[in-house]
Amino acid sequence: MQRWPVLLFLAWACFLFFSGIGLFTSGFLLMRIELTNRSSCSDPLAAPAWVGQGKAPGACWMAQRFPKAVLLIIDALAFEFARFDPAKERPRPYENKLGFLHHLAGSQPRHARLYRFRADPPTTTMQRIKGITTGSLPTFIDVGSNFATYAIKEDNLLSQLVQNGRRVVFMGDDTWDGLFPQKFFRSYFFPSFNVKDLHTVDDGILQHLYGTVDGGDWDLLIAHFLGVDHCGHKHGPDHPEMAKKLTQMNEMLRSLVDHLGNDTLLLVAGDHGMTETGDHGGDSEKEVNAALFVYSKTPLFGAHLPEEPHTIPQVNLVPTLALLLGVPIPYSSLGEVMAELFSGDGETVSAALTQLSAYHINARQVDRFLRSYSLAAQDLSAVQLRRLRELFSAAVEEYERLLARVREGLPASPELEARMGRLLGRFQHYLRAARAVCMESWARFHPLRMVAGCMLIAASCLLCWVASELAVALDFSYRSYLLFPLLWGLAAAALSGLGQLLTREGPDFVLLSSWSAAASQLGFFWHSWSRRPLRAHLASSQPPAASLGLRQRLVFPMGLLAIRCCAMFSDSFVVAEARVVPFLLASLATLLVGRLLWHGRLLAPEVPKPPLGSAASQKESWQLPWLLAALLACLRLSRLFHQCREEIPHCQPSPFLAPLSSLQSTQAKNLFYLLCVASLAGLVYVVRRWLRHCGNLNSSSPLVLFVRWAFPLVAVCIACYWAVTSGMEGTLGKLQELVQVALVGFPWAVYGLASLGLLLVLWKPMTVFVKDSWVSVRPIVTPYQGAPSSQADLLYVIPQIYRRMQESLKDQLERGRRRATVAAYGLGSVYSATLVVVLTLLAFLLLTLHSERMSLSFLLLFLEAFVLLRLHVCITSLTGDAALFVVPWDAVTAWVLAASQFFYATGHQPVFPAIHWNAAFVGFQQGHSSHLVPALLVGANTFAAHILFAVGCPLLLLWPFVCEAPGSRRRKQKKELLEEEEEEEHVMEMRLQESPERFSAALLHLGLKYLFVLGVQLLACVWAAMILRRHLMVWKVFAPKFLFEALGFVVSSICLLLGIFVVMRVDCAVSTWLRQLQAR
């Protein structure tokens, strides 16, 4: 058997998919590292004061100009909504409705001004709030120190205000509650999810706004209105309802200005714009162009009024507002202060010096951030960082020289003003260049990489399909289809790396792997095409396929797979996928059974003689309806463990998801605890019972002894851990220290025992009991004569020894010698038994990471997996497929769908809030020193179903052999038929040993099919995310779905390799055992 070539080919196929995922991710997901550093007033960033500059006592970095500020965020306030054009006689519904802003800017030009407020993509509300408060460039993934919450941990404006004793009052969108928990002096949150509700949030704000402003017990008041945004989603901007909503906002602003004091700054901002359909989330001009209006009853601006409103990046608001309110600029801010707001009404030189002071502080703060970030991450170009450092140093040196001249009493002159203007330009150039460098790395889609990633994944799917067809035809040359493509890939990687070195750029491992993957794929397809004439010649010289059923059974699974992939393009189907996947699985099973009924094979089988080793057709016929009913029952019961998504209104999550400690009733808690323990005990009992039934629990090997004694012990440890965590420790009083030890000890006991069991599998994986006996050879026909000596002899003892051994024994008997006769218990299920043991050990680990009541779901998972295997065997038998070495597409597709189904049935959803973060602390009550262990624990919890079904995938190949009826179990035949029976003796899984090449080809064929089905689903998610990247729900639905599908693919492919490796390890042990046996 070719073991390592099969594993290497499958690993290479996984690498191809991983390269495509990495390339697409690098172009689609906007990522950066989130620093936890914070600014403080003690930071030495402020420049020394010049002559005549005053600084109030206790001022931080710069003198406070406004003690109070009101920030009004009108969600989706596009610039076109705020701009007023009196020349338009018939404005559209969203035009010329905010006339009060135009009135203020026109009548008080030094007090009010309108700006284009340009948002950085993605233009979703949550990401824009992050940008407006942190001054950084938020992306879809902010890798921070605490990955268990949406709360903003990065330094931000609200944290600085609270840190410096300021009072922040909020009213409006409840998104802020999750982003800034416990940061508000007072708050009025209103639900924001229902986009059809245009008035609840806005009316709630208006009830509190004016009274709060008049009360005065606040320093920053934030009001976030949602009516305009919801109106756009519901009706679009060009609708009469939009005119009503904007008119309401206009009247609100008119009334609010009357309540403002002279020392208050008013900022009216839109977080993003909207498209013509009312959507947002992408990077189109209409989406990124929002409005910003600034107003104060004291003069703010110079006399010069620009002809066209200036364009201000949204990140510029943070440093500007921080310095105006007299607090430090947040540490990670990349914004540039708005110079106009620091001019005041003083003389020209004094105003310019104030602006330069603000810019100097701003530049030093950005330089400090870039230094810290470059030490924490490597995604900023070193060449560009050096250039930025040179720009900063030159500007600071010029500023210090200019400040020294001012201190010397240099009189105001046009030359001094020009010099200060040039220095101001230097600071602006540096700050904008720094922001551009970061934006280039963090906040931009890369369409070429996205398209290339899609092509790599699509080519990988095609490769899996072609390779699986080659494997099943036994026309597979690893030299042509593996070695040569690998050499092509290595050559491409070397050339790509050399090119990167010559261009003096740092190594881009994503591009290196992508070029390598593309070249190796090209090599595979080239060699496949070049061997096409040879394959055609071989195909013409061979008889037609023995079974057309395998081809016919391709229609239903591929059709349902296509429907599932098309559903990935609908946000509604993605949201409701927890119900879609069970429906597709039930449909596939029902269609397959209905097809058998249509062709008359369910009631009157056409196959005159069932395949070797399969049960009688009549038995399969009556079993099949019951199996289908059992599958439908499992699918229905799995819905009891659902998790709710935010997008589904009035959804109540399953009570089984909550831990037992959340139950108030002691009686209910005890009842559920007993039910959970019973399900755990039932799982252990069923597995041990099946192993004993197959004869794999009779030997004294280390693995068998472990299954006998350690399985119950692991179950006891899990049950004790559940008892402690369910709240019983509250009654233990003085034993709290013991409870804390138990919270760590029991999980570690499970981890240790499960790891020990896996090591035993790798060491001695065989679970076969061998019995030698010396008997007279003359009358021997079988190894056992007379009445059976034990129940095992009656049920399980079968001549399962390799046929060459049997022939050798016959030859020795004919010569009248006395030789050892060998009886092997459990040899017919040696592969599947070890795999079941591995699955049970993994289930123990995963059960520990879930809440107690999820044990019912895991028991259901094992039951449904068994039903699917039996359905596969029955359908294969009734269809008449004699090719047991070929697993049909419907079985593989059903297996993958079951993995997706139980992803939801274990309480998960493809959204970050649904992740069970508490799994990271099972057995680690004191926390972790790194992110690796908690990431592995949370990943194992999240993808538990993917792990179990992927590791158990080889059972689809093994189970038909396990279900063969061995000759020793049949009733006694007539003596004249004895010789014929011996010739047709069934040896179950030992038939795999008779055809090692077919066995390895079958494993390769199965693995490639599994990767193909997973890859097609992944490809659909990738296409949906790329095509719909400007869709309203891209960052809410499609991007998380792609992320979870990609991670699930990675986990499934690795676990598939693990499952196939276990089978090959057993095969190696069996081959060694047979060689030793033959040598006796």
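The values are calculated or read from the model by the stated rules, or taken from the named source; none is laboratory data. All values reported here derive from a predicted model rather than from experimental measurement. Cβ: placed from backbone, ideal geometry, glycine included. Neighbour counts: every protein chain shown. We work out accessible area using only protein heavy atoms, side chains counted, and drop any ligands, DNA or RNA first. Shrake-Rupley method; radii C 1.70, N 1.55, O 1.52, S 1.80 Å.
Quick notes on this structure:
- Charge-dipole axis of the range 149-228 as Lys and Arg at +1 and Asp and Glu at -1 on Cβ define it, positive-most pick from 225, 180, 212: 180
- Spatially, the range 271-311 and the range 623-699 are offset by 55 Å when compared through their Cα centroids.
- Accessible surface calculations at 1.4 Å, restricted to protein heavy atoms, place the range 323-409 at 38 Å² per residue.
- The portion of the accessible surface of the range 238-370 made up by carbon and sulfur, rounded to a whole percent, is 49 (1.4 Å probe; DNA, RNA and ligands excluded).
- The range 153-174 versus the range 417-457: alpha-carbon centroid distance in Å: 28
- Karplus 3J(HN,Hα) series, Hz, for the range 917-923 with 6.51 cos²θ - 1.76 cosθ + 1.60 (x for Gly, Pro): 5, 5, 5, 5, 10, 6, x
- The peptide list 859-865, 928-934, 848-854, put in order of mean Cβ contacts within 10 Å with the highest first, becomes 848-854, 859-865, 928-934.
- Using a probe of 1.4 angstrom and keeping all protein chains present, the accessible surface of the range 985-1071 works out to 24 square angstrom per residue.
- Backbone geometry of the range 513-519 corresponds, through the Karplus equation with coefficients 6.51, -1.76 and 1.60 at θ = phi - 60°, to 3J(HN,Hα) couplings of 5, 5, 5, 5, 5, 5, 5 Hz, x marking Gly and Pro.
- Among the protein heavy atoms of the range 450-531, carbon and sulfur supply 75% of the accessible surface, probe 1.4 Å, non-protein parts ignored.
- Placed amide H near residue 120: partners under 5 Å, 5+ positions off or other chain: 314
- Virtual spin-label span in nm between residue 1078 and residue 310, 7 Å along Cα→Cβ: 8.7
- Separation between Cα centres of the range 74-127 and the range 857-905, rounded to whole Å: 60
- Among the listed pairs 130/234; 286/1036; 183/1041; 244/297; 244/286; 130/1036, those beyond 23 Å (Cα-Cα): 130/234; 183/1041; 244/297
- Surface accessible to a 1.4 Å probe, per residue, for the residues of the range 639-712, Å²: 54
- In order along the range 110-118, the phi-based Karplus estimate (6.51 cos²θ - 1.76 cosθ + 1.60, θ = phi - 60°) of 3J(HN,Hα) comes to 8, 10, 9, 7, 10, 10, 7, 9, 8 Hz; Gly and Pro are listed as x.
- Rounded to the nearest 20 debye, the dipole size of the range 237-318 about its Cα centre is 400 debye, using +1 on the Cβ of Lys and Arg and -1 on the Cβ of Asp and Glu.
- Under 5 Å, built H, 5+ apart or other chain: amide partners of residue 225: 73, 74, 75
- Label positions at residue 483 and residue 393, each projected 7 Å from the Cα along the C-beta direction, are separated by 5.6 nm.
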